[in-house]
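The structure appears below as structure tokens.
What follows is calculated from the coordinates using simple rules that are stated; it is not laboratory data. Remember, it's a predicted structure, so these values are computed and weren't measured experimentally. Every residue, glycine among them, receives a Cβ derived from its backbone with ideal geometry; neighbour counts consider all protein chains shown.
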Amino acid sequence: MMRKLYIPYILFCVAVLALPIVIRNSHDLGIMIQAGFFCLITMGLSLLMGYAGQISLGHAAFFGMGAYASAILTGTYGWSPWTALVAGIILSGLVAFLVGIPSLKLKGHYLAMATLGFGEIVRIFIDAEMELTGGPSGYQKIIPYMQFGKWTMNSEVRHYYLTWIMVLIVLVFNLHIINSRIGRALRSIHADEEAARSVGVNVSRFKLMIFVLSAVYASLAGSLYCHNILFVAPGPFSPMESIRFVTMVIIGGMGSIWGAISGALLLTWLPEVLRHFKDFNILVYGGLLLFVMLFIPGGLFEAGRKVISLVRRIVHRAPAEEVHE
């Protein structure tokens, strides 16, 4: 089991670490860095939606909390980026805990509306607190690059490796979670909360724990984002971005961490590819999403797994038929 778990992870690590050798274009590397931020967020959402069965339309707010915490603490108060990153994670985790206690008692569209409302409150706060956040114009003070020892992350290649190493660490942590007792408890909650309670699963505790963990991932992504572009403004942290993150998870496949990564990569690169369609890019983008949601309800990763399984059955059947003849 563990061997099957780590083979795709090792292959993925090799591909991630080798990619800057293949991609020399700084623009394309920048897109991959952005995809890394989204992978961190969607992996947390995958645990929350695909395993715990809870939906959140407010994760862009936690993304923004991490970004603004890092920006304000480094730009205004002179903290080191790493200390600010940890502070942002603690802040986001605490807020998620306080918001999650009442919100996670709700179900279905009521929970979705509650988290959407939370995201809108955070957006309004960012816009209104002009002196602290810079308001709609964005934070105007100087934000430093991340540093790792003597290395300053002041190039696309260095920030690419920083971001994707974080992604790989979070990925292996998540793989351990879903293959542990916690993962089994989460799947039982997703299947039937009452049945999970009847066998001794503390449903409220597990749902709150995963909600907080997913908020921490989003905050981590926000801090890395802040120290990559050295500027933060409210746009990337709006409720519409939360819907985009949920769409990434659904398109990739809610029941798989790998699906969350697939969806994040696809929906980060797709707008770039569709630029060739010019005025029709929105129609093509919407059409592709609609096609996947209607005809591949399990997501792209699940569809790929079924195709591979089908090919294996065909390959194994062919030699048997030849021997029979």
Run the helix sum for the chain: -39,500 (n - 2.57) per DSSP H stretch of 4+ residues, divided by residue count, reported at 222 nm to the nearest 500 deg cm²/dmol. -25500 deg cm²/dmol
Hey, can you grab everything whose amide H is under 5 Å from the amide H of Trp151? Only 5+ residues off in sequence or another chain; H modelled, so Pro and N-termini drop out. none
Based only on other Cβ atoms within 10 Å, what is the fewest-to-most ordering of His159, His176, His190? His176, His190, His159
So if R0 is 51 Å, what FRET efficiency would Ile308 and Trp151 give, r being the distance between their Cβ atoms, rounded to the nearest 0.05? 0.80
Dividing the alpha-carbon Rg of the chain by 2.2 N^0.38 Å yields what? 1.05
For Cα pairs less than 8 Å apart in space and 6+ apart in sequence, what is the mean separation divided by the residue count of region 2-239, i.e. the relative contact order in percent? 41
